[in-house]
Structures are given as structure tokens and as C-alpha cells.
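See structure below.
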């Protein structure tokens, strides 16, 4: 079965010829000298994928962790980030090696009933993802401009469609906008960290020394680690690389994958530092002031102004808005990849995007409690993780499918252990959420 042509493959001819030519020259050994110049054409896909690791859901978890336990759980964020790097690198590799994205490979490899079940689960995951992202962005609009949540959601939908419309101009404009929003989040949290004047000695210690303090800290650490993997972005990353730079010669495939690893390390490294900055901000402000009860985004925003000044609360809201808008666009993009990849139907792209966004709009319009809604969305995401992660492990270890980019044995062992840990933690979190006290 031939792989589907990704929608941005045509746009490559129109808007990204220079990037592809520069990348091809590097792969052929004729590119510009210097690490930055040689690496630049390959950067982009991981910066889109990394947005999923700093979405509004991460805000709440990291703030709660820092407020309740100070810097103690910082090591969990870094451990989670290393796992995320491995998973996203393998997703990118699948797209490079096969010319297909993960939903397409699933459709090719499994029976029709299994594919239908996987598609339905993936659709629910994409919708749950957009639900959380839309809530975060709408909340960002509300905190900044004091407008009703529903109008914030409408603005988010409009902004998401505008951002995604950049795809028709090629992959570079979309990558640039998403990367710019990631940059906004990074600058905001750099400012928040400096406002809080954290204890750098404690940060260095807890970044590398595993430590817990009671059952609650274990549960919260499990939440941070178990929510590391966002299933929609596993599907998406393989689509971002499948047609971006197309090579088939074994040596070029290996060189291309090495550059994609650099992309993943840089982008996911930035995401990890931003998550760490969230926890550090909460530890240096709320925990130090004895405000361990701070657990929601709204509470954090209200409390920052009297502690650190009005500017800090504005910076916090701007970072939340940037995270919500970028992750909403990425979540919706994943939804369109999932629908096309699993069911291979020519559904108009606007309709595919609206299908992904509609549940979030309905939930916000009906006025459901945002915090409770976020909890439910995370339960749905946890349920969907095995359906994306396990096939990724199986496929990337298949030599007939991956060719020269098949996983090494040590990689397969590592990703299997990581997958088992994450799936087990998410089952545990599902149990705690649905049946726990």
C-alpha cells in the first residue's frame, strides 16, 4: 500500500523549496559549513510537537507540585522530559523511514475492526486534547481582557483557524509561528523565575536527586510522569516528518535522522526548561509564602500580583494564552492527521478541523466547571496513550518496515520500559481518578 501524500507535501513545492534544497545539500555533503547553518533546515517539526508538553494542563500540574512540595519534584520533570525525547524521536523516525505517519501504518498493519477502534479512540483523544487547550486559551483571554470564557473560546477558535491556514503557504510559516509562541512562553517564564528570586542551590539539588515526602507527593509525581506523553502528538510528529524532506538512500536516511534527533533535543529541552520554570516559580512564591493550597490556574494568577507585583500576573496570563493558542493549533492539526490517516477519506480540511474543535466549544458554551472538565479530559487522554505508544514501539522495532532506521536492541529495551512505566502510571491515575477516595 502506498503512503498517503501528506497535505503539506504540495506546499513544499510552493513555499519551502529553499529549505528542502538546503537540507538536501547538507545530506549530500555539499551544504554550508558551521553547525547552526547545517542544522537550520532540519529544525521545526519537534518545535511543533513540543507544544504538547507545555500546554495549559502542564500549568496546573506544575504549579500544584511547586506550591505543595517546593522544588522537591523538579527531578520528575527532567526524568519525564528525557522519556518524552525518546518517544518523540521514534515518532519522527517512523515518518522518515516509512514515508507514512503512525495512523497510516496502523491502517496498513491491522485488521479493519481494529483500525476502526483505534481511530475512534484517537478521535476522542484529539477532541479531549482540544478541550483542555481551548479551556486554557479561553482562560488566558479572560484573565488578560476580563471577557467571558465563551468569547475567549470563540477567539481561540478563530486564532486556531488562522494559524492552521498558514499550512497552505508551506511548512516553514507554520513552524515559525508555533516556535514564536513557544518563545513567548519561554520569555514569560524566564521573567517569572527572575521575579520570584528562587533558591538556585535547592534547584540544582532537586533537579538530580529523587525524593518524595509522603503519599501525596508520590501521587503528584505519578501525575507529572504519567501525563508526560500526549498521544495526539505521537501521531502528529510522524506526520510532520513523513514528507518534509524525502530521501530513500540508506546513508541519507541515517544522516537525516541524526538531524531530527538534534531538533528533538533542542525543542524538548526548551519544553523541559519551561516546565521546570513553572514549578520553580510556584515553589519560589507560593511554597515559600506557605500558600500550598494554590492548585488552580486562576488562583495562581490572582495570588501572583500581591506577591510579585502586577506585572507578574500579566506575564503569567500572556504565557497561558500563548500556550493555549499554540497547543490548540497543534491539537487540531493532530485531529485532521488522525482522521485522514485512519479512515482514508477525503474529508474537507475545514470540516476535519471543526470536528476536532466542536466538543470543546460545546462544553465551554454549556458552562461546565473548567477544573472538572480538565480532569475528565486528562482521563480520556490517559485511556488513549497505549493505543498510540504500543504500536510505535512495535513498528519502530520492525526491520522490514523501518529498514536501516530500525531500533537498536538497547533502544527497543529502553522504549519498552518507558512505555510500560507510562502505561502503568496512567492506569494507576485512571483508577485514582475514577475509583479512588
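Within the stretch 184-206, the set of residues being within 23 Å of the chain's Cα centre (by Cα), under 15 Å from residue 288 (Cα atoms) and at pLDDT 85 or above is empty.
Number of residues in the stretch 94-151 that are modelled with pLDDT of 90 or more, surrounded by fewer than 24 Cβ atoms within 10 Å (Cβ to Cβ) and outside any helix (DSSP H, G or I): the value is 3. When the helices (runs of 4 or more DSSP H) confined to the stretch 22-78 are screened for residues that are more than 19 Å from the chain's Cα centre (by Cα), surrounded by fewer than 20 Cβ atoms within 10 Å (Cβ to Cβ) and modelled with pLDDT of 85 or more, those reaching at least 2 such residues are found at 35-39. Residues in the stretch 163-175 that are more than 16 Å from residue 55 (Cβ to Cβ) and in contact (Cβ under 8 Å) with a residue 60 or more places away in the chain: 164, 167, 168, 169, 170, 171, 172, 173, 174, 175.
For the stretch 371-378, indicate whether the set of residues that are under 30 Å from residue 149 (Cα atoms) and modelled with pLDDT of 85 or more is non-empty.
So far as the stretch 371-378 goes, no, none of its residues is under 30 Å from residue 149 (Cα atoms) and modelled with pLDDT of 85 or more.
Checked against the criteria, residue 167 counts as farther than 26 Å from residue 282 by Cβ, in contact with a helix residue (DSSP H, G or I) (Cβ under 8 Å, 6 or more places away or on another chain), at pLDDT below 90 and buried (at least 16 other Cβ atoms within 10 Å of the Cβ).
Residue-wise test of (1) within 19 Å of residue 129 (Cα to Cα); (2) surrounded by 23 or more Cβ atoms within 10 Å (Cβ to Cβ); (3) in contact with a helix residue (DSSP H, G or I) (Cβ under 8 Å, 6 or more places away or on another chain).
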| site | (1), (2), (3) |
| --- | --- |
| 182 | yes, no, yes |
| 186 | no, no, yes |
| 193 | no, no, yes |
| 216 | no, no, yes |
| 234 | yes, yes, yes |
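Looking at this structure, is residue 249 buried (at least 18 other Cβ atoms within 10 Å of the Cβ), under 21 Å from residue 89 (Cα atoms) and modelled with pLDDT of 90 or more? The answer is no for residue 249.
Within the stretch 394-412, can one find any residue that is under 18 Å from the mean Cα position of the chain (by Cα) and in a helix (DSSP H, G or I)?
Looking for residues that are under 18 Å from the mean Cα position of the chain (by Cα) and in a helix (DSSP H, G or I), one finds none in the stretch 394-412, hence no.
The values are calculated or read from the model by the stated rules, or taken from the named source; none is laboratory data. Predicted, not measured: the structure shown is a model, and the values here were computed from it. Neighbour counts run over all protein chains shown; Cβ positions are idealised from the backbone, glycine included.
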